[in-house]
Amino acid sequence: MSRLFGKVCQNGYVVRDIDAALKHWTEVLGVGPFFYIDCVPVENFRYKGEPSDVELSIALANTGDLQIELIQQRNDAPSMYRDFLEAGNEGLQHMSYWTETYQEDLDRLTAMGYVAGQEGEIGERGRFVYFETETHPGTIIEISDVSGPKGRFFKHIRDLAATWDGTDPIRTVKG
């Protein structure tokens, strides 16, 4: 467990082909069910402090308490996802730590010198920030507010994964 952030709650994988990634995770690794959102309603997205109209598809599933997030960026808007792919990478891009005291944690980490690379919101009380912490691929740190509906959705995903029998491996969610 990190003395600064707590336990890792999610590993985020940036992929070029989310359908192929879903097939691998469900069929080869047996992880699921995945909840797929074709067009994620990201609001107030900022990349290095500037607005960016990023378009994303994501899929979420759990393996035990660890959530797996697959992310495919659908446009060329500035983002840390785009930067990761343009650097020739694909796969694990970030580790996410979840919090119910988002603003307090954001203020604490910013005061410690952490710099936001990108940030935004998904739904009510669904803020997130990715810090510029990547010294090698896969080490970006995200903190994500789970004090609202997003946190309840994440719990639902974890609970279903605990008893998943392999049926209905990809479940579409409206964004």
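No lab work stands behind these numbers, since they all come straight from the coordinates. A quick note: this is a predicted structure, and the numbers were derived from the prediction, not measured. Neighbour counts run over all protein chains shown; Cβ positions are idealised from the backbone, glycine included.
General remarks:
Table: residues versus (1) closer than 21 Å to LEU29 by Cα; (2) of a type outside the set (Gly, Ala, Ser); (3) touching a residue at least 12 places away in the same chain (Cβ under 8 Å).
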residue: ILE71; (1), (2), (3): yes, yes, yes
residue: ASP76; (1), (2), (3): no, yes, no
residue: PHE128; (1), (2), (3): no, yes, yes
residue: ILE143; (1), (2), (3): no, yes, yes
residue: ASP159; (1), (2), (3): yes, yes, no
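- Only one of the listed residues (GLU124, GLU104) is under 17 Å from GLU43 (Cβ atoms) and not hydrophobic (A, V, I, L, M, F, W, C). That residue is GLU124.
- Restricting attention to the stretch 104-146, the residues that are among the basic types (Lys, Arg) and outside any loop (DSSP other than H, G, I, E, B) total 2.
- Residues of the stretch 138-149 satisfying the condition of being closer than 18 Å to ASP83 by Cα and either out of contact with any helix residue (DSSP H, G or I) (no Cβ under 7 Å at 6 or more places or on another chain) or basic (Lys, Arg) (or both): GLY138, THR139, ILE141, GLU142
- For the stretch 24-46, the criterion of a residue being without any contact (Cβ under 8 Å) to a residue 40 or more places away in the chain, surrounded by fewer than 17 Cβ atoms within 10 Å (Cβ to Cβ), within 22 Å of HIS156 (Cα to Cα) and not charged (D, E, K, R) is satisfied by at least one position.
- For the stretch 48-60, the condition holds for at least one residue, the condition being that it is surrounded by fewer than 20 Cβ atoms within 10 Å (Cβ to Cβ), without any contact (Cβ under 8 Å) to a residue 60 or more places away in the chain, closer than 25 Å to GLY151 by Cβ and of a type in the set (S, T, N, Q).
- Being touching a residue at least 60 places away in the same chain (Cβ under 8 Å), touching a Lys or Arg at 6+ places or on another chain (Cβ under 9 Å) and under 16 Å from GLU69 (Cα atoms) is a condition met by at least one residue of the stretch 90-97.
- Every condition in (1) surrounded by 16 or more Cβ atoms within 10 Å (Cβ to Cβ); (2) closer than 16 Å to ALA59 by Cα; (3) in contact (Cβ under 8 Å) with a residue 40 or more places away in the chain is met by LYS150 except one, and the failing one is (3).
- Given (1) buried (at least 17 other Cβ atoms within 10 Å of the Cβ); (2) over 17 Å from the mean Cα position of the chain (by Cα), number of the condition ALA20 does not satisfy: (1)
- Counted residues, the stretch 143-154 - those being more than 17 Å from ILE37 (Cβ to Cβ) and not small (Gly, Ala, Ser): 2
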